[in-house]
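The values are calculated or read from the model by the stated rules, or taken from the named source; none is laboratory data. Predicted model, so just to flag it, every value in this text is computed and none were measured. Cβ placement follows ideal geometry from the backbone for every residue including glycine, while neighbour counts extend to all protein chains displayed. Side chains included, ligands, DNA and RNA excluded: accessible areas come from the protein's heavy atoms. Shrake-Rupley method; radii C 1.70, N 1.55, O 1.52, S 1.80 Å.
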Amino acid sequence: MINKTIKALEFDKILNILSDYAFSNNAKQKLLDLRPYLSQREVNAKIKETTEARKMLDSMGLPPLGAMKEIGKLLELAEKGAMLLPDQLTNVVQFISTCNRMRNYLKKAESFGVDIAYYGGSINELPNLFEEINLAIRNNAVDDNASRDLKDIRRKIEHVKLEVKTKLDSLLRSKKEWFSDGFVSTRNGHYVLPVKKEYKNQVSGSVLDISSTGCTYFMEPNIVMKLETELSLLQIAMDNEERKILYTLTALVDK
């Protein structure tokens with residue numbers, strides 16, 4: 001009977017229009033699920049809240065809300081033991097920040113004597129989680145300062161990379177006629193030199209790629225092979241440390 005009445009009143013069309021103003025899919029669904037109140041007490045309570053909300057808007061302007069990423073899916077992933085990625089953790093921080101702005105907005109609204117403003121007290125500021133993620137994640141990536149070990153590993157990686165390039169640049173300058181270009185490039189994560197086909201036997205090392213014309217061999221000289229191996233091991237250590245940090249932050253989100 002209630003569903004027939006809803007259709008007759010075109011209540012569903014009203015809900016569709018209302019849901020277009022939602023800032024998240026979760027809020028949109030809650031609006032679409034609304035049904036008319038059959039209790040006079042409930043109706044009066046909701047009218048009171050609506051009147052108070054109107055008073056807040058007239059006095060303070062729109063609340064500080066923007067389009068919010070779906071936090072529910074991220075919480076589900078964390079609960080299942082998945083590792084949240086840096087961009088997902090950034091979304092968590094943005095969500096917390098949005099909630100805190102709303103909390104402050106409602107706190108100021110308490111001065112107008114509206115009961116609805118006290119809903120802000122139920123919003124947890126989560127300062128520890130906010131700070132931990134902010135310290136570890138920058139620009140959707142794990143920051144150097146996320147841990148001492150990570151900072152140390154990345155420093156070593158840059159040092160080894162510089163050492164590799166220095167050796168290769170020295171070889172480039174001393175045997176210019178061997179190479180088709182005057183710069184170091186990379187292939188499959190390894191630093192290589194562009195050796196002319198006729199000189200490929202003059203360079204001791206491994207061929208990692210060949211140009212489309214077949215005239216240039218991209219080779220990893222033996223003089224840097226040991227350093228390249230060290231670099232690969234450091235990259236693995238860095239990846240492991242980053243994953244450790246991300247799993248730790250994900251566990252904090254799940255708490």
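Side notes on the structure shown:
- Subset tally (residues that are out of contact with any helix residue (DSSP H, G or I) (no Cβ under 7 Å at 6 or more places or on another chain), surrounded by 11 or more Cβ atoms within 10 Å (Cβ to Cβ) and part of a helix (DSSP H, G or I)) for segment 17-43: 6
- Qualifying residue in segment 110-120 (condition: in contact with a Phe, Trp or Tyr (Cβ under 8 Å, 6 or more places away or on another chain) and either over 30 Å from Met60 (Cβ atoms) or surrounded by fewer than 17 Cβ atoms within 10 Å (Cβ to Cβ) (or both)): yes
- Filter pass, Lys196 being open to solvent by 30 Å² or more (accessible area, probe 1.4 Å) and within 39 Å of the chain's Cα centre (by Cα): no
- Selection of segment 73-112 for residues being among the small types (Gly, Ala, Ser) and either out of contact with any helix residue (DSSP H, G or I) (no Cβ under 9 Å at 6 or more places or on another chain) or closer than 16 Å to Ile123 by Cβ (or both) yields Ser97, Ala109.
- Qualifying positions in segment 155-179 - free of Cβ contacts under 8 Å to residues at least 24 places away in the same chain, surrounded by 14 or more Cβ atoms within 10 Å (Cβ to Cβ) and in contact with a strand residue (DSSP E or B) (Cβ under 9 Å, 6 or more places away or on another chain): Leu172, Phe179
- Qualifying residue in segment 119-127 (condition: closer than 30 Å to Leu65 by Cβ and under 14 Å from the mean Cα position of the chain (by Cα)): no
- The condition of being part of a loop (DSSP other than H, G, I, E, B) and either touching an Asp or Glu at 6+ places or on another chain (Cβ under 8 Å) or not charged (D, E, K, R) (or both) holds for only one of Leu62, Leu106, that being Leu62.
- Subset of segment 233-243 [open to solvent by 50 Å² or more (accessible area, probe 1.4 Å) and either touching a helix residue (DSSP H, G or I) at 6+ places or on another chain (Cβ under 7 Å) or in contact (Cβ under 8 Å) with a residue 40 or more places away in the chain (or both)]: Gln235, Arg243
- The set of residues in segment 129-154 that are assigned to a helix (DSSP H, G or I), of a type outside the set (D, E, K, R) and open to solvent by 70 Å² or more (accessible area, probe 1.4 Å) comprises Leu135, Asn145.
- Unique residue being open to solvent by less than 40 Å² (accessible area, probe 1.4 Å), farther than 21 Å from Leu252 by Cβ and small (Gly, Ala, Ser) when the list is Ala82, Ala53: Ala53
- Of the criteria (1) modelled with pLDDT of 90 or more; (2) exposed (fewer than 12 other Cβ atoms within 10 Å of the Cβ), which one Gly189 fails: (1)
- Filter result for the condition that a residue is touching a Pro at 6+ places or on another chain (Cβ under 8 Å) and touching a residue at least 12 places away in the same chain (Cβ under 8 Å), over Ala141, Ala136, Ala146: Ala141
- Flag if Lys48 is surrounded by 12 or more Cβ atoms within 10 Å (Cβ to Cβ) and within 26 Å of Tyr118 (Cβ to Cβ): yes
- Of all residues in segment 18-32, those that are aromatic (Phe, Trp, Tyr) have Cβ atoms under 8 Å from Cβ atoms of residues that are loosely packed, with under 14 Cβ neighbours inside 10 Å, 6 or more apart or on another chain, in Phe23/Gly66; Phe23/Ala67.
- Matching residues, segment 206-232, being assigned to a strand (DSSP E or B) and either in contact with a Leu (Cβ under 8 Å, 6 or more places away or on another chain) or open to solvent by less than 30 Å² (accessible area, probe 1.4 Å) (or both): Thr216, Phe218, Met219, Glu220, Pro221
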